[in-house]
Amino acid sequence: MKRMLGIIVVLCWANLSAAAAEPKLVFEDGFDGKPGDGWSWLREDPTAWRIKDGALEIRIQPGVAGTVKNALVRQAPDRREGSFAIDVTVRFLQPPTQQYEQGGITWYHSGKPVFKLVYERIDGETFIIPGRKPMTAESVQLRLVVTAASWTAQYRAGGQGEFETAGTGPLPEPGDDQVSIQCYQGPPDAEHWMRFDDFRIWRLAE
């Protein structure tokens, strides 16, 4: 009997440990009719974004990081409380043609963009930036992992298989942090759109 109780205790402890190791979903947005609570627009152009088939679509307009239109921004999780992952799946709805045409995740600190993880056209080819990882998939799931001091950029084609790492680097000390999904450097004479789907924020196990 004692041996049986000991086995049960071990199994329960193993189950609890496994559950504790699982990431915890903090926020998700399926873009059901409109962006969920907590989002705000930076330089909104209401004619150049739409909700369609359960996803957010934004027109890729001309601009750069400091002038991007229709950047959807929300408060980032407090990195002092642990490590977090931000996921979103992106897709070019038309083949990109403009140099540096791009879309993905941008990290803001004190109101300024300090880091991006994007699907981008450069010199006629498409890449995951940072790392300049060649990518030709129709859609890509991007994952930005942040800690109190660092970022890790990850991706996987079509949202399948294991995440690959594109690069790592430092972040400023936690403070006024925001995360955004956005696209820019679009052509001035053509209507190109990018689709954003399955946005999630996870708190990662320690």
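The values are calculated or read from the model by the stated rules, or taken from the named source; none is laboratory data. These figures come from a predicted structure and were not determined experimentally. For neighbour counting, all protein chains shown are included, and Cβ atoms are generated from backbone atoms with ideal geometry for every residue, glycine included. Accessible surface areas use protein heavy atoms only, side chains included; no ligands, DNA or RNA. Shrake-Rupley method; radii C 1.70, N 1.55, O 1.52, S 1.80 Å.
Listed by position, the strands (runs of 3 or more DSSP E) enclosed by segment 141-189 that each have at least 3 residues that are modelled with pLDDT of 95 or more and open to solvent by 10 Å² or more (accessible area, probe 1.4 Å) are 150-157, 164-170.
Against the condition under 20 Å from Phe196 (Cβ atoms), modelled with pLDDT of 95 or more and open to solvent by 20 Å² or more (accessible area, probe 1.4 Å), how does Ala137 come out, does it pass?
Yes: the conditions hold for Ala137.
Do we have any residue at all in segment 34-46 that's of a type in the set (Ser, Thr, Tyr) and either buried (at least 19 other Cβ atoms within 10 Å of the Cβ) or more than 27 Å from Ala148 (Cα to Cα) (or both)? No: zero hits.
Checking each residue in segment 190-206 for being open to solvent by less than 50 Å² (accessible area, probe 1.4 Å) and farther than 23 Å from Gly63 by Cβ picks out Ile201, Leu204, Ala205.
Return yes or no: is Pro96 over 16 Å from Ile181 (Cβ atoms) and surrounded by 19 or more Cβ atoms within 10 Å (Cβ to Cβ)? Break it down into steps so the answer makes sense when it comes.
Details: over 16 Å from Ile181 (Cβ atoms): yes; surrounded by 19 or more Cβ atoms within 10 Å (Cβ to Cβ): yes.
Spelling it out, Pro96 is indeed over 16 Å from Ile181 (Cβ atoms) and surrounded by 19 or more Cβ atoms within 10 Å (Cβ to Cβ).
Restricting attention to segment 54-81, the residues being surrounded by 15 or more Cβ atoms within 10 Å (Cβ to Cβ) and either acidic (Asp, Glu) or assigned to a strand (DSSP E or B) (or both) number 9.
For Arg121, state whether it is more than 19 Å from Gly158 (Cβ to Cβ) and either at pLDDT 95 or above or over 14 Å from the mean Cα position of the chain (by Cα) (or both). Against the criterion (more than 19 Å from Gly158 (Cβ to Cβ) and either at pLDDT 95 or above or over 14 Å from the mean Cα position of the chain (by Cα) (or both)), Arg121 does not qualify.
So which of Phe84, Phe127, Phe31 ends up being hydrophobic (A, V, I, L, M, F, W, C), crowded, with 16+ Cβ neighbours inside 10 Å and without any contact (Cβ under 8 Å) to a residue 12 or more places away in the chain?
Working: Phe84 fails: without any contact (Cβ under 8 Å) to a residue 12 or more places away in the chain; Phe31 fails: without any contact (Cβ under 8 Å) to a residue 12 or more places away in the chain.
Testing whether each residue is hydrophobic (A, V, I, L, M, F, W, C), crowded, with 16+ Cβ neighbours inside 10 Å and without any contact (Cβ under 8 Å) to a residue 12 or more places away in the chain leaves just Phe127.
When Lys116 is tested against (1) surrounded by 19 or more Cβ atoms within 10 Å (Cβ to Cβ); (2) of a type in the set (Lys, Arg); (3) in contact with a Lys or Arg (Cβ under 6 Å, 6 or more places away or on another chain), only condition (3) is not met. If the condition is being part of a loop (DSSP other than H, G, I, E, B), closer than 25 Å to Glu125 by Cβ and not acidic (Asp, Glu), then segment 82-114 contributes Leu93, Gln94, Pro95, Pro96, Thr97, Gln98, Gln99, Tyr100. For segment 1-51, a residue qualifies if it is out of contact with any strand residue (DSSP E or B) (no Cβ under 6 Å at 6 or more places or on another chain), of a type in the set (Lys, Arg) and modelled with pLDDT of 95 or more, and exactly one does: Arg43. Scanning segment 152-206 for residues that are within 22 Å of Arg80 (Cβ to Cβ), small (Gly, Ala, Ser) and more than 17 Å from the chain's Cα centre (by Cα) yields Gly175, Ala205.
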